[in-house]
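Right, one structure below, let's go through it.
None of the figures in this text is laboratory data; all of them are computed from the coordinates on show. In this text the structure is predicted, and so the values were computed from the model without any measurement. All Cβ positions, glycine included, derive from the backbone under ideal geometry; neighbour counts span all protein chains shown.
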Amino acid sequence: MAQTEREKMLAGELYLASDPELVAAQARAQELLAAFNGAAPGAEAERRAILRDLLGEIGEGVVIKPSLRCDYGTQIRIGARTFINYDAVMLDCAAIEIGADVQIAPGVHLYTATHPLDGPLRRSGAEFALPIRIGDGVWLGGGVIVCPGVTIGANTVVGAGAVVTKDLPANCVAAGNPCRVLRFLGEDGRDPGAA
């Protein structure tokens, strides 16, 4: 039996985003995002209800500040007590898994979507996506960009403006473009240099 474009997308294979099923799913997400981003200040219950409809999973105590942008929403799972500040972009053509107790600063972008390097294939409209995984207790500084297929280990701190192109281990401080490990924290995520 032939795979649908959505099945190909979720399997990390080349797919066409112009497929009617995917276009409809994106339209649904954009309607929910418009409602979320346009809700009145203080309308936390309304925003929470919209997020439950939009996202694949949202843990207890999660706070997401508007504006939020995503492709589908259904591939995003967020663990308990995570805080996502203003202007987050999550291109969820593949799974985006965000652990518990994660801190995400303003303007962070998570990109699962990518394109073939081969020019004619890319111009055909074919694209693919690779999942992003962010471990428990991670802190992503303002303006961080996480590229397709990246995993960030638990308790890692990523400095503002970093472009994360490769996996980062747990319990480290990393920064730069491209992002690289600057030093390690203790196995429990504690800073051994702190008083």
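Before moving on, here are some points about what is shown:
- GNM result for the chain, Cα springs below 10 Å: residue of L14, L91, L168 fluctuating most strongly: L14
- Debye-sum result for the stretch 41-153 in log10 I(q)/I(0), which assumes one identical scatterer on each alpha carbon, at q = 0.11, 0.12, 0.19 Å⁻¹: -0.35, -0.41, -0.94
- Rounded to whole numbers, the Karplus 3J(HN,Hα) couplings from phi for the stretch 150-161 are 8, 10, 10, x, 4, 6, 6, 10, 10, x, 3, x Hz, using 6.51 cos²θ - 1.76 cosθ + 1.60 with θ = phi - 60°, and x at Gly and Pro.
- Computed log₁₀ I(q)/I(0) - Debye formula, equal Cα scatterers, no solvent, the chain, q 0.16 Å⁻¹: -1.02
- Burial ordering of I104, I50, fewest other beta-carbon atoms within 10 Å first: I50, I104
- Linear extension gain, E46 paired with D188, 0.36 nm per residue minus alpha-carbon span: 47.5 nm
- Between 0 and 90°, nearest 10: helix 20-38 axis offset from the chain longest Cα axis: 50 degrees
- Take every Cα pair under 8 Å whose residues are at least 6 apart in sequence, average their separation, divide by the length of the stretch 5-184, and the relative contact order is 14 percent.
- Cα long-axis angle, helix 44-54 against the chain (0 to 90 degrees, to the nearest 10): 50 degrees
- For the stretch 46-113, GluC sites (Glu not before Pro) are listed when DSSP marks them as loop and at most 10 other Cβ atoms sit within 10 Å of their Cβ; the list is E60.
- Ranked K8, K166, criterion: other C-beta atoms within 10 Å, fewest first: K166, K8
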